[in-house]
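J.: This structure is in structure tokens; I'll ask about it shortly.
The values are calculated or read from the model by the stated rules, or taken from the named source; none is laboratory data. Here the structure is a predicted model, which means the values were calculated and not measured. Glycine also receives a Cβ, built like all others from the backbone with ideal geometry; neighbour counts cover every protein chain displayed. When the accessible area is computed, the model is the full protein with side chains, heavy atoms only, and any ligands, DNA or RNA have been set aside. Shrake-Rupley method; radii C 1.70, N 1.55, O 1.52, S 1.80 Å.
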Amino acid sequence: MPTDTSPGPLRVLVFGAALRADSTNARLASLVARLISDTGATVDLAAMRDFDMPLYDGDVEATEGLPPGALALRDRLEQSDAFVISSPEYNASVPGGLKNAIDWVSRVRPQPFKTKHAMLVSASPSLIGGNRGLWALRIPLEHLGTRVYPDMFSLANSYQVFAEDGTLADPGLQQRLTETVSGFLSLVEADVRYVCLERRWYEFLGDRTEAAVTQRAEG
């Protein structure tokens, strides 16, 4: 008897990395989640407060294991095909809470960031929109094997750019964000739908040694 084997909708975790409830990064995360949902994908919208955890401490890990917040983030990453982080910029770099969460979750085996697709966005009242923080955020994620989408979206003057309905007041900016999200989802869908293709991802450009690489050759 024939069965329906078509894959379900894409599953995408979206979360704002600012702790402040009315952060513009929370608003940007909500907007990205709406754009993703409009494509028919399933969205898991989260906030950093959902993943409360202490500062990473190897002694705590050895005696108590991973904290519940880190395990919760691990679970939601594993349930998703991809994730989006909307991150503020603190002193031209990554917010401490976000970096701490990445450090804790990186201790899980198997490591849940590996081979996941990610898109990075930011909102800031500054004129560069938090872009320096996103470049810094790429480093730990790519080191852990995350396939970070090349195009990043940084929203400058973030206190003035949101319309009442939560979209961006500037039609050009709204269109660019929509196109960035669409391109990202197309890449994720290709990877999820066509897993029969073999892919090799090297941690360092030009690395052709016998070091372990991520391989996917699923039939």
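J.: Work out the length of the dipole vector of the chain about its Cα centre, built from +1 on the beta-carbon of each Lys and Arg and -1 on the beta-carbon of each Asp and Glu, and round it to the nearest 20 debye.
T.: In total the dipole reaches around 280 debye.
J.: Using R₀ = 30 Å, calculate the FRET efficiency as 1/(1 + (r/R₀)^6) where r is the Cβ-Cβ separation of Asp38 and Leu71; round to 0.05.
T.: On the way: r = 31 Å, r/R0 = 1.04.
Given R0 = 30 Å and the Cβ-Cβ separation, E is 0.45.
J.: Please report, as a whole percent, how much of the solvent-accessible surface of the stretch 1-139 comes from carbon and sulfur atoms (probe radius 1.4 Å). It would help to have the intermediate numbers written out before the result.
T.: Values: 3640 of 6740 Å².
Here it works out to 54 percent.
J.: Per the helix-only calculation at 222 nm, which mean residue ellipticity applies to the chain, given -39500 (n - 2.57) for every DSSP H run of n ≥ 4 and division by its residues, nearest 500 deg cm²/dmol?
T.: Values: 6 runs with 79 residues, N = 219.
The helix contribution divided over the chain gives -11500 deg cm²/dmol.
J.: Label points 7 Å out from Cα along the Cβ direction at Ala92 and Asp52: separation in nm?
T.: 3.4
J.: Could you give the length gained by full extension between Val60 and Arg193, i.e. 0.36 nm per residue of separation minus their alpha carbon distance, to one decimal place? All intermediate terms of the calculation are to be shown ahead of the outcome.
T.: Details: separation 133, 0.36 × 133 = 47.88 nm, distance 4.01 nm.
Gain in length upon complete extension: 43.9 nm.
J.: Length gain on complete extension for the stretch Asp165 to Arg20, per 0.36 nm per residue less the alpha carbon to alpha carbon distance? Please report the intermediate quantities before stating the final value.
T.: Values: separation 145, 0.36 × 145 = 52.20 nm, distance 2.03 nm.
Answer, rounded to one decimal: 50.2 nm.
J.: Turning to a different aspect of this structure: In terms of modelled amide H atoms, which long-range or inter-chain residues lie less than 5 Å from the amide H of Val84?
T.: Amide H neighbours of Val84, under 5 Å, 5+ apart: Leu13, Val14, Phe15, Met119.
J.: Over the chain, average the accessible area per residue using a 1.4 Å probe and give it in Å², no decimals. Walk me through the numbers on the way to the answer.
T.: Working: 11760 Å² over 219 residues.
Solvent-accessible surface per residue comes out at 54 Å².
J.: For Leu10, which sequence-distant residues (separation of 5 or more, or a different chain) have an amide H within less than 5 Å of its own amide H, given hydrogens modelled in the peptide plane?
T.: Thr42
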